[in-house]
Amino acid sequence: MISVTEGLAGLRILVAVAKADGRLLDEERTALEEALEGVSLPDGVTLETLLEEETDVEEQIQRIVSPEARRETYDAAVSIALVDGERVAQENAILDRMKLAFGYAASIVPPAPPVAHAVAEAVQPPQPRSGFLADLVNETKDTILPSNIKKVPDPKRRAAEIEEDVLKYSIMSAVLGAFPVPGVAIATDVAVVALQAKLVRDIGQYFGNTMDKKAVSSLLGGVVGGTGMRIAVNNLAKLVPGWGSVVGATTSFATTWAIGKVAERYFASGGTVPVAQLRKEFKDAKKDGKEAYDKNKESVEAKASRTKLALEALNADLQAQRISQDEYDERVEKLA
């Protein structure tokens, strides 16, 4: 866990990285709104003030002192810099200043084998996992879980099937979002995104519409915001006491629920609803999603209890690199 002071400094640095290329894309802003919704920021600090203020990056860097906060902030900053496929000079400058202040090497050495890594962690501060994190974030652009959903012509049956799937994936998203898991917190966020992408494609197939990976990613990005930004900010916020519970189970459930409802609306219209309208409807649907979470909280807790041991084993296998992120996502989907 990291302090509120460090978490706020980290957020300011992430916003500075996002704005470093001179523009904040609509999907980046939407992702920030999504990630920070409900987070109890200090008095006088809002998303608007974070976006408008001129951040003294050096000052914020100096406020991050714990090894864990340094690693998580640096990794998140790298993922944001890489998510659009290119790193501009201004982004590199911020990352270089962080590396220098945090005492990181110019190049990041790949993680050591599990046993050696565990010994090393005991005698030296946690080191960045930037390459690992960037790979996971980038995988969300290209990976979508297998689907065998068939078109359902009957409207009532189709609506029932979609409702069942929306609830199923929302519950699993809540289980994954409930608590940050040291070492694999970012991977659980990626798994949630994979579930959400599969839900969108499944709903499309119920209507007889087959979407490819690019189309699913584009729709999700337009409605919910940039995946890399969401994951980076979520991962940092989860580690701040008082923030993590807010961006955990409830938000994961409500977001997945809202994605399902918006996807159903989109495909029912034949894909004619403008993205801007879907984005507005998504925000409204999230309110319903939070109410749905309250109604299904016992189901979430029961699912968490049933899958606890299986998830712990999966987390251990991923952390020890015995399975890939793709395999992790597929096994999580089966648990759903």
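Take L11 and tell me if it is in a loop (DSSP other than H, G, I, E, B), surrounded by 16 or more Cβ atoms within 10 Å (Cβ to Cβ), modelled with pLDDT of 75 or more and among the hydrophobic types (A, V, I, L, M, F, W, C). Spelling it out, it is not the case that L11 is in a loop (DSSP other than H, G, I, E, B), surrounded by 16 or more Cβ atoms within 10 Å (Cβ to Cβ), modelled with pLDDT of 75 or more and among the hydrophobic types (A, V, I, L, M, F, W, C). For region 93-112, the condition of being within 26 Å of S217 (Cα to Cα), surrounded by 17 or more Cβ atoms within 10 Å (Cβ to Cβ) and modelled with pLDDT of 65 or more holds for none of the residues. Does region 291-302 include one or more residues that are farther than 15 Å from G177 by Cβ, basic (K, R) and free of Cβ contacts under 8 Å to residues at least 40 places away in the same chain? Yes - at least one qualifying residue is present in region 291-302. With respect to the conditions (1) in a helix (DSSP H, G or I); (2) of a type in the set (V, I, T); (3) more than 20 Å from the chain's Cα centre (by Cα), V273 falls short on a single one, namely (1). Screening L51 against (1) assigned to a loop (DSSP other than H, G, I, E, B); (2) surrounded by fewer than 23 Cβ atoms within 10 Å (Cβ to Cβ) leaves a single unmet condition, (1).
Tell me the residue from T227, T256, T250, T272 that is of a type in the set (S, T, Y) and surrounded by fewer than 18 Cβ atoms within 10 Å (Cβ to Cβ), please. Reasoning before the result, please.
Details: T227 fails: surrounded by fewer than 18 Cβ atoms within 10 Å (Cβ to Cβ); T256 fails: surrounded by fewer than 18 Cβ atoms within 10 Å (Cβ to Cβ); T250 fails: surrounded by fewer than 18 Cβ atoms within 10 Å (Cβ to Cβ).
Answer to the selection: T272.
A Cβ distance below 6 Å, combined with a sequence gap of six or more or placement on separate chains, defines the contacts here; from region 261-286, residues that are assigned by TED's automatic domain parsing to the domain that holds M211 reach residues that are part of a helix (DSSP H, G or I) and of a type in the set (D, E, K, R) in the pairs V262/E281; A285/K261.
The values are calculated or read from the model by the stated rules, or taken from the named source; none is laboratory data. Only a predicted model underlies this, so the values are computations on that prediction, with no experimental measurement involved. FYI the Cβ positions are ideal-geometry reconstructions off the backbone, even for glycines, and counts take in every protein chain you see.
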